[in-house]
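Before any comments, here is the structure.
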Amino acid sequence: MPDELTLWYEEPAVNWETQALPIGNGPLGAMVFGGVATERIQFNEKTLWTGGPGHDGYDFGDWRTPRPDAVAEVRRRIDREGRVPAEDVAAVLGQPKTGFGAYQTFGDLHLDFGAPGGAGGYRRELSLSEAVARVRYTAGGVTHTREYFAANPGNVIAGRVSADRGGAVSFTLRHTSPRDDKTVTAEGGRLTVRGRLADNGLVFEAQVQVIVAGGTRTDTGETITVTGADSAVFVLSAGTDYADTYPRYRGEDPHARVTAAVDAAAALGYDALRAAHVADHRALFDRVRLDLGQSAPESGPGKGETGGSAGLERGGPGRGPAGPVPTDRLLRGYTGGDGPDERAVEALMFAYGRYLLIACSRENDILPANLQGVWNASTSPPWSGDYHVNINLQMNYWPAGPANLHETAVPYDRFVRALVEPGRRTAREMYGARGWVVGNETNPFGFTGVHDWPTAFWFPEAAAWTARHLYDGYRFTGDLEYLRETAYPVIKGAAEFWLDFLHTDPRDGLLVVSPSYSPEHGDFSAGAAMSQQIVREVLESALAAAAALGVDEEFRAAAEAALGRLDPGIRIGSWGQLQEWKEDLDSRTDTHRHVSHLYALHPGDRIAAGTPEAEAAAVSLEARGDGGTGWSKAWKISFWARLLDGDRAHRMLAEQLRTSTLDNLWDTHPPFQIDGNFGATAGIAEMLVQSHRGEVHVLPALPAVWKDGSVSGLRARGDVTVDVSWRDGVAETITLRPGRTGPLTVRTSIANHCHLHDDDDREAAPRRAGDTLTWEGVAGRSYVISRW
Ligand code: FUC
């Protein structure tokens, strides 16, 4: 019986987006189809991108000719007219994209087995616990098994083909690609795919070594054929000559390191490779365990066939064959109601987000998870498979802190730091400001300027929003060295930009962002809510960081002065809503996917539950409704969790699972977009533990349907690890393990009827205030709060 953290299916995948299964090790990713006659493994290497330097006319998004008065001209018009259509502003400040590029597939590996003449007992699966994909079926009385994983140690994708009868393994391995800029050679059982992208001259190479046990292996031109083997193993690695170094973004030819990786893996052997991989993966994956009362789903009344993945509306009665339920049928039967199977879908979605983040973002990666993580089968993926920084990239990393995967954020930090140098040039040349800036979206080649799509070309607040994650990284770990060396320079640079680029609003003398554009929505104006909220946050974070480091007195004084005059960007409007713009313009019928004015509720922390502003946020959310893109629904889970409304947060989770989740549990925008997966995982963590307001709030938004359960290994800011078990919706035991010595405040509904013991079982006497307990925590010790 598979463990409950396994996705499984009874048919091979035919559709890449909705059915194939993702494996990855950070830089490398692959999609496994599980075909019987032919296996297809589509694979990626995260730096394989067109565009950038090498593409004629690439300009980093910076104006090709100076426009000294452009910003001032738009500001004057906004000051005069209040609102200016996006098209008009784009005509003055925008510029068509040149050489932005797109993330590329590396192509597909095919293993041609030939038609087996009827396969039975077919099953393909992905174990999240081991990060191993498997295919099994019986044909002609022989049981065939295939296994695949992507190992971060050694940077390879490996597969093994075996059978329960000797000599039964025969196939031809070949490579295909939608581009024709490559050569394929086969020698000594090694397939080498090498080429140079026509668009920008980027050199790429992949090698696949086939190792057989028994039988024969022959190289024929561009293919490798295995005949009559007992089993066969392949190991693949790939790379490009990309480097994240401005302005050329080129480094060493990949040949030597790809050869070394494949040689080492082949020498190590499959079992040792697999053991190292599973250990590496579990060291991250096993840190968190969630029990919502789920059980490995069994079929029964109400569970079964309703609707194809295309028509995404799901839930409701159906009858499936008896026995364990495959994941696609489980999802189709999901309603969000009561029952262990419902909980199984939710627990699986939580774990899947953690699995995917480990699989597409590792500490030894150059680039972070893009809009599709690391997985892409196209030469022109949606939105270029890029890095949108007006919600998407940020959402990708929301689980890293709370879901105990901070290492996965290392490539994110590296990417943001690499944007600083090109961003300084853009800030200077286009905005006349110090510091650094980046716009609405970027690529691996330092694209920090603008394009000309009116509703998505201007968002200089993105730099500050990306910087917030580094400050939050510090809040979760308390690591002062990280703050000094990695986070503070980025945060300070993003704050400095605003000290120079803020505008005095002639209406009230307050400092506002102008031109200000609430992401992808409405007209340009001055002082839109999100703009103000983000700028306040980056100034405050920079101030707090500088104080923690004891540096930059002058800068701190300037930041404090600006904060004193800054428009707050938080207003309650005529129908009780939170205003998206400085003027009261919000429409009750507006269901736009971006809910930018609630930034201060989440991911910001300025709006506290129970305040008039929080109530206004709820009014806005009700008006926006439960619809939207996958990521928009995921964001709404966190909004309702921050409003401490567990049932409402759960309703959003159920909505996302029922209407924005594909058979392979990938989030869909539509199309497939991975941010919603990460947003859902972060949202579930936000329902169980919150720590954004200086205390550890346990079970802040527990829905009634999660009556009994437990979670272990979640993280809270202040460097605390938290376990909690609950019964009938109330905490039973809460365990806290602080990584630093200092005051620890816990908010819990059992604060006034519980004991607190340390790990020597000595009773401690915390200070009680309302629903909070406060005591002096000691690093490395653990404290248990148990209900009496
Ligand atoms: C922003 C969003 C879109 C999409 C794109 C990748 O532009 O508004 O919905 O997610 O990013």
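For Asn396, the stated conditions hold: it is among the polar types (S, T, N, Q), buried (at least 24 other Cβ atoms within 10 Å of the Cβ) and within 16 Å of the ligand (Cβ to nearest atom).
Which residue is surrounded by the fewest Cβ atoms within 10 Å (Cβ to Cβ), if the candidates are limited to the stretch 183-220 and must be within 17 Å of His110 (Cβ to Cβ) and among the basic types (Lys, Arg)? Selected residue: Arg217. Evaluation of Thr379 against the conditions (1) under 17 Å from Arg658 (Cβ atoms); (2) touching a Pro at 6+ places or on another chain (Cβ under 7 Å) shows that the sole unmet condition is (1).
Once the stretch 457-502 is narrowed to residues that are out of contact with any Gly (no Cβ under 9 Å at 6 or more places or on another chain) and not in a helix (DSSP H, G or I), the residue that is nearest to the ligand (Cβ to nearest atom) is Glu461.
Please find, among Arg136, Arg179, Arg174, the residue that is in contact (Cβ under 8 Å) with a residue 40 or more places away in the chain and outside any loop (DSSP other than H, G, I, E, B). Quick ask: steps written out before the conclusion?
Values: Arg136 fails: in contact (Cβ under 8 Å) with a residue 40 or more places away in the chain; Arg179 fails: outside any loop (DSSP other than H, G, I, E, B).
After ruling out the rest, the residue left standing is Arg174.
Restricting the stretch 726-759 to residues that are basic (Lys, Arg) and over 12 Å from Leu699 (Cβ atoms), the residue that is surrounded by the fewest Cβ atoms within 10 Å (Cβ to Cβ) is Arg740. Within the stretch 604-655, the set of residues being within 16 Å of the ligand (Cβ to nearest atom) and closer than 22 Å to Arg536 by Cβ comprises just one member, Trp635.
In this structure, does Asp219 turn out to be assigned to a loop (DSSP other than H, G, I, E, B), touching a strand residue (DSSP E or B) at 6+ places or on another chain (Cβ under 9 Å) and among the acidic types (Asp, Glu)? It is false that Asp219 is assigned to a loop (DSSP other than H, G, I, E, B), touching a strand residue (DSSP E or B) at 6+ places or on another chain (Cβ under 9 Å) and among the acidic types (Asp, Glu).
On the basis of being within 15 Å of the ligand (Cβ to nearest atom), hydroxyl-bearing (Ser, Thr, Tyr) and surrounded by 24 or more Cβ atoms within 10 Å (Cβ to Cβ), does Tyr387 make the cut? Yes; evaluated as a whole, the condition is true for this residue. Taking the stretch 409-443 as the search range and keeping residues that are within 16 Å of the ligand (Cβ to nearest atom) and of a type outside the set (Ser, Thr, Tyr), which one is surrounded by the most Cβ atoms within 10 Å (Cβ to Cβ)? Checked the stretch 409-443; the qualifying residue surrounded by the most Cβ atoms within 10 Å (Cβ to Cβ) is Val438. Taking residues in the stretch 270-281 that are surrounded by fewer than 18 Cβ atoms within 10 Å (Cβ to Cβ), and partners anywhere that are aliphatic (A, V, I, L, M), the pairs with Cβ atoms closer than 8 Å and at least 6 places apart or on different chains are Ala276/Ala151; Ala276/Leu268. Taking every residue in the stretch 364-391 that is touching a residue at least 24 places away in the same chain (Cβ under 8 Å) and among the charged types (D, E, K, R) and pairing it with any residue that is assigned to a loop (DSSP other than H, G, I, E, B) and near the ligand (Cβ under 9 Å from one of its atoms), at least 6 positions away or on another chain, the pairs with Cβ-Cβ distances below 8 Å are Asp386/Leu371. For Pro402, the stated conditions hold: it is on the phi < 0 side of the Ramachandran plot, buried (at least 22 other Cβ atoms within 10 Å of the Cβ) and not in a helix (DSSP H, G or I). Exactly one residue out of Gly509, Gly564 is part of a loop (DSSP other than H, G, I, E, B) and over 18 Å from Glu622 (Cα atoms), and it is Gly509. When you scan the stretch 522-533, do you find a residue that is surrounded by fewer than 24 Cβ atoms within 10 Å (Cβ to Cβ), of a type outside the set (Gly, Ala, Ser), assigned to a loop (DSSP other than H, G, I, E, B) and in contact with a helix residue (DSSP H, G or I) (Cβ under 7 Å, 6 or more places away or on another chain), even just one? Yes, the stretch 522-533 contains at least one residue that is surrounded by fewer than 24 Cβ atoms within 10 Å (Cβ to Cβ), of a type outside the set (Gly, Ala, Ser), assigned to a loop (DSSP other than H, G, I, E, B) and in contact with a helix residue (DSSP H, G or I) (Cβ under 7 Å, 6 or more places away or on another chain). If you go through the stretch 661-691 and keep only what is away from the ligand (no atom under 13 Å from the Cβ), within 17 Å of Ala369 (Cα to Cα) and of a type in the set (A, V, I, L, M), you end up with Ala680, Ala682.
Hey, among Ala765, Ala701, which residue is of a type outside the set (Val, Ile, Thr) and in contact with a Leu (Cβ under 7 Å, 6 or more places away or on another chain)? Steps first, answer last, please.
On the way: Ala765 fails: in contact with a Leu (Cβ under 7 Å, 6 or more places away or on another chain).
Answer to the check: Ala701.
Within the stretch 106-130, the residues that satisfy the criterion of being at pLDDT 95 or above, assigned to a loop (DSSP other than H, G, I, E, B) and either touching a Phe, Trp or Tyr at 6+ places or on another chain (Cβ under 6 Å) or not small (Gly, Ala, Ser) (or both) are Phe106, Phe113, Leu128, Glu130.
Per the conditions (1) more than 16 Å from the ligand (Cβ to nearest atom); (2) over 21 Å from Asp328 (Cα atoms); (3) in contact with a helix residue (DSSP H, G or I) (Cβ under 8 Å, 6 or more places away or on another chain), the sole criterion not satisfied by Ala377 is (3).
The values are calculated or read from the model by the stated rules, or taken from the named source; none is laboratory data. Being a predicted model, the structure only gives us computed values, none of them experimental. Cβ: placed from backbone, ideal geometry, glycine included. Neighbour counts: every protein chain shown.
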